[in-house]
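The values are calculated or read from the model by the stated rules, or taken from the named source; none is laboratory data. Predicted model only: the values in this text are computed from it and were never measured. Cβ coordinates were reconstructed from backbone atoms using ideal geometry, including for glycine residues, and neighbour counts include every protein chain displayed.
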Amino acid sequence: MKIGFILLLILSLSKFSAQIVNIENKRIYDDSSGISGSISANFSAVRNQDLLLSAGLKPLIQYKTPLHYYLLIADWNYSKGANNTFSNAGMIHFRYAYRLNKIDKHVKKSPWKLEAYAQVQYNQLLRQKLRALSGSGIRWKMFDINGSRAFLGSSAFYEYEELATEEVIRNFRWSNYFSWFIYKNNFFFTGVNYFQPKFDDFKDTRFMGQYTIGYRLRTNISVRADFMIFYDSRPAENVKNTVFNSSFGLQIGLVD
């Protein structure tokens, strides 16, 4: 019974342990245009002395043209056992990007894009009743060579947050990220770093890093290790300022 509770808690922490949402691993990176999407859902019920429930839903839809890019994703997770709720969190994120130069078949694509985004979320583990934000900025493709690529991005956003302590927080933050995907001789290393200080107080900052290293055994089978760390210099009351999780396993499907 205790093992069941622990497993549900680990699943909850691995999905919703951070305020920063990694959008980089949701993008279309190839040159294809058009619409695509996916939806994943899970539900489990375990009955021993008590009933343990866990459910999740993650839809994604994106549309890309040579000039425009649209992305809409959502993520919801809930787990409960006996009289305890281990996780109750949800998020929806919309992003639009525009390539700066006019594109035709004789002109090389610009590496620069303007971006705008909006997000709404809540997270019981972070004692977060509501968090809403919107912002805009610029994105630069540093290189894209032989399947390896790297990007830099910077933007400003406004956030509104209501905590379970009835505290209301309003901030302007500066968001910066560096992301990369390196693939060579069947080895791949992908990651992203986010750094988000307040404009008027750089000591109030958040950082998140997500990293994956692996090896492709066959065309659609890879072994991989994943690690995530999140740091908030000023978290909500009774919430740790540093959390992390890691995993190691087998992936069936193409490398991201």
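Listed values, structure above:
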read-out	value
The lone exception for Arg234 - which of (1) touching an Asp or Glu at 6+ places or on another chain (Cβ under 7 Å); (2) assigned to a strand (DSSP E or B); (3) surrounded by fewer than 20 Cβ atoms within 10 Å (Cβ to Cβ) it fails	(2)
Where a residue in segment 53-77 is within 17 Å of Ala118 (Cα to Cα) and its partner, wherever it lies, is modelled with pLDDT of 90 or more and polar (S, T, N, Q), with Cβ under 6 Å and at least six apart	Leu71/Gln62
Of the criteria (1) modelled with pLDDT of 95 or more; (2) charged (D, E, K, R); (3) not in a strand (DSSP E or B), which one Glu115 fails	(3)
Tally, over segment 145-166, of residues that are without any contact (Cβ under 8 Å) to a residue 40 or more places away in the chain and farther than 15 Å from Val192 by Cα	9
Filtered residue count, segment 118-141, keeping only those that are under 19 Å from the mean Cα position of the chain (by Cα), part of a strand (DSSP E or B) and closer than 19 Å to Ala164 by Cβ	9
Condition met for Ala55 (in contact with a strand residue (DSSP E or B) (Cβ under 8 Å, 6 or more places away or on another chain), surrounded by 14 or more Cβ atoms within 10 Å (Cβ to Cβ) and either closer than 29 Å to Asn241 by Cβ or not basic (Lys, Arg) (or both))	yes
Among (1) exposed (fewer than 12 other Cβ atoms within 10 Å of the Cβ); (2) in a strand (DSSP E or B) - the single one Phe189 does not satisfy	(1)
Residues (more than 19 Å from the chain's Cα centre (by Cα) and in a strand (DSSP E or B)) located in segment 142-159	Met142, Phe143, Asp144, Ile145, Ser148
